[in-house]
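Down below is the structure, laid out as structure tokens.
The values are calculated or read from the model by the stated rules, or taken from the named source; none is laboratory data. Remember, predicted model here, so these are calculated numbers, not experimental data. Every residue, glycine among them, receives a Cβ derived from its backbone with ideal geometry; neighbour counts consider all protein chains shown. Ligands, DNA and RNA are excluded from the accessible area calculation, which covers all protein heavy atoms including side chains. Shrake-Rupley method; radii C 1.70, N 1.55, O 1.52, S 1.80 Å.
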Amino acid sequence: LCDEALRLARLLAALMPDDAETLGLLALLLLTDARRAARTDAADEPVSLEDQDRSRWDAGQLAEGVGVLDRALRLGRPGPYQLQAAIAALHDQAPSVPETDWPQIVALYTTLERIDPSPVVTINRAVAVAHADDPHAALELLAPLEHDERLVRYQPLHAARAELLRRTDDLAGARAAYLQAIALTDNARERAALVRRAATLG
């Protein structure tokens, strides 16, 4: 499916070479799919970005994605796909998670939240804020989402809260949030990964 998505995006970009968002979509797909080989381990268990072996990322695909993104940005018509691709590029070009340009990622998510708001964007912005600044500030960003009835069963929200609460040393809160995320996870491998994270709390 990923390969077919890339084929179709390349076809679109060839048909619409001056459409910035079409190029942004292709760049986003290239930059995210380039990390595919490192997203799971030998047992097919999910591997977090922080723990991925970056030498397994597809360097050629990363370079292609950055090149396509540069073409899109030069057209001077930024949009959601280009912003997401720029965020992916910052992740891909960083030597490690601590060395990532988190303030720039926060700025990009802030712009994305303004022009294309969604809970997913807010959650990702909060995670970036935690890396760039303070997990307490990140939790404040997530607070309004906790009271949104539409998100009561949204697993990524609870998983993000669990990690942020762990980073603030609120182990009881983190444990409760992990349990919520685990209960809402249908994927057995994702559930196992969350159970392991929760187990580190003691």
(Q) What is the percent carbon and sulfur in the accessible area of the chain, measuring with a 1.4 Å probe over the protein chains and ignoring ligands? (A) 55
Q) Which whole number in µm²/s is D for the range 42-107 by Stokes-Einstein, with the Kirkwood Rh taken over Cα pairs at 10 °C and 1.306 mPa s? A) 120
Q) What relative contact order, as a whole-number percentage, does the chain give when Cα pairs under 8 Å and 6 or more residues apart are counted? A) 15
**Q.** List 127, 152, ordered by accessible area with a 1.4 Å probe, largest first
**A.** 152, 127
Q: Counting other Cβ atoms within 10 Å, keep those with at most 15, restrict to DSSP loop, and tell me which GluC sites (Glu not before Pro) in the range 47-121 are left.
A: 99
Q | Within the chain: Cβ-based charge dipole about Cα centre, in debye rounded to nearest 20 (Lys, Arg +1; Asp, Glu -1) | A | 220
**Q.** Angstrom value of the Kirkwood radius, inverse mean 1/r, which spans all Cα pairs in the chain
**A.** 18.1
Q) Magnitude of the Cβ-charge dipole of the range 92-168, K/R +1 and D/E -1, about the Cα centre, nearest 20 debye? A) 240
Q. Roughly what percent of Cα-Cα pairs across the range 1-55 reach past 14 Å?
A. 59
Q.
Helix-only mean residue ellipticity at 222 nm, the chain, DSSP H runs n ≥ 4 weighted -39,500 (n - 2.57), per residue, nearest 500. What is it?
A. -21500 deg cm²/dmol
Q. How many Å² of accessible area per residue for the range 30-107, probe 1.4 Å?
A. 51
Q.
With unit charges on the beta carbons (Lys and Arg positive, Asp and Glu negative) and the dipole taken about the Cα centre of the chain, which residue among 72, 131, 42 sits farthest to the positive side?
A. 42
